[in-house]
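See below for the structure under consideration.
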Amino acid sequence: MLKPAAFLDRDGVINKEKGHVFKTKDFEWIEGSQESIKLLNESNYHVFVVSNQSGIARGFYSQDDVLNLHKFIIEGLKKIGAHIDEFFISPYHPSFPDKFKNLAHLRKPSVGMLELAESRWQIEKKSSFLIGDKASDIECAINYGIRGHLFDSGNLLDFIKRSENI
């Protein structure tokens, strides 16, 4: 059965942007982000995280570090009865073209992560949206044919309620 999708950038939307967050001790939830994900779950949206993780290509951290942080996020959400349906990342960065070149199509503003989600889940695009904190996130939403919302600060729950009338 088709369901709309909420595509959420990670750093700057779910957690505070601190520059290449990969350790749980550095992770800090954005105000209202956990409650936002729960609201989206309860409102029958798929919830996906779509995150450029160039720190992998840059050698700052590993894919396992990112997976461990995502497990930490999953556990934090479980405590309030919320969940992420799937995490999608792009380790590619154009400054390091030989690393993860085969995954370059995933890096936002390209739509590879969203197309990958669509290939695995039944997504109703017309009601789907993406929230990000950078112009490349909004460009990705436009390229994919969905609404894009630029989140720069504040309470994410209030932002989603205003932006999407959920």
Residue within region 109-119 that is of a type in the set (D, E, K, R) and more than 19 Å from GLU17 (Cα to Cα) present: yes
Members of region 62-74 that are touching a Lys or Arg at 6+ places or on another chain (Cβ under 8 Å) and surrounded by fewer than 21 Cβ atoms within 10 Å (Cβ to Cβ): ASP65
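Going through region 65-82 one residue at a time, which ones are under 14 Å from the mean Cα position of the chain (by Cα) and either within 14 Å of GLY55 (Cβ to Cβ) or not β-branched (Val, Ile, Thr) (or both)?
Residues of region 65-82 under 14 Å from the mean Cα position of the chain (by Cα): 66-67, 69-70, 73-74.
VAL66, LEU67, LEU69, HIS70 - these are the residues of region 65-82 that are under 14 Å from the mean Cα position of the chain (by Cα) and either within 14 Å of GLY55 (Cβ to Cβ) or not β-branched (Val, Ile, Thr) (or both).
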Enumeration of residues in region 113-133 that are open to solvent by 50 Å² or more (accessible area, probe 1.4 Å) and of a type outside the set (D, E, K, R): LEU116, SER119, TRP121, GLN122
Enumeration of residues in region 119-135 that are without any contact (Cβ under 8 Å) to a residue 40 or more places away in the chain and under 15 Å from the mean Cα position of the chain (by Cα): ALA135
Subset of region 68-112 [at pLDDT 90 or above, out of contact with any helix residue (DSSP H, G or I) (no Cβ under 6 Å at 6 or more places or on another chain) and either at positive phi or of a type in the set (Phe, Trp, Tyr) (or both)]: GLY81, PHE100
Residue among SER51, SER90, SER110, SER136 that is surrounded by fewer than 18 Cβ atoms within 10 Å (Cβ to Cβ) and either out of contact with any strand residue (DSSP E or B) (no Cβ under 6 Å at 6 or more places or on another chain) or closer than 13 Å to ASP9 by Cβ (or both): SER136
Residue list for region 109-138, filter: under 22 Å from LEU156 (Cα atoms) and among the β-branched types (Val, Ile, Thr): ILE131, ILE138
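Of these, ILE160, ILE142, which one is within 14 Å of PHE7 (Cα to Cα), of a type outside the set (Phe, Trp, Tyr) and either crowded, with 20+ Cβ neighbours inside 10 Å or touching a Phe, Trp or Tyr at 6+ places or on another chain (Cβ under 8 Å) (or both)? If you could, list the steps in order and put the result at the bottom.
Numbers: ILE142 fails: either crowded, with 20+ Cβ neighbours inside 10 Å or touching a Phe, Trp or Tyr at 6+ places or on another chain (Cβ under 8 Å) (or both).
When all the criteria are applied, what remains is ILE160.
The values are calculated or read from the model by the stated rules, or taken from the named source; none is laboratory data. Keep in mind that what you see is a predicted model, and the values were worked out from it rather than measured. Using ideal geometry, Cβ is built from the backbone for each residue, glycine included, and neighbour counts are taken over all protein chains shown. The accessibility values were calculated without ligands, DNA or RNA, using every heavy atom of the protein model including side chains. Shrake-Rupley method; radii C 1.70, N 1.55, O 1.52, S 1.80 Å.
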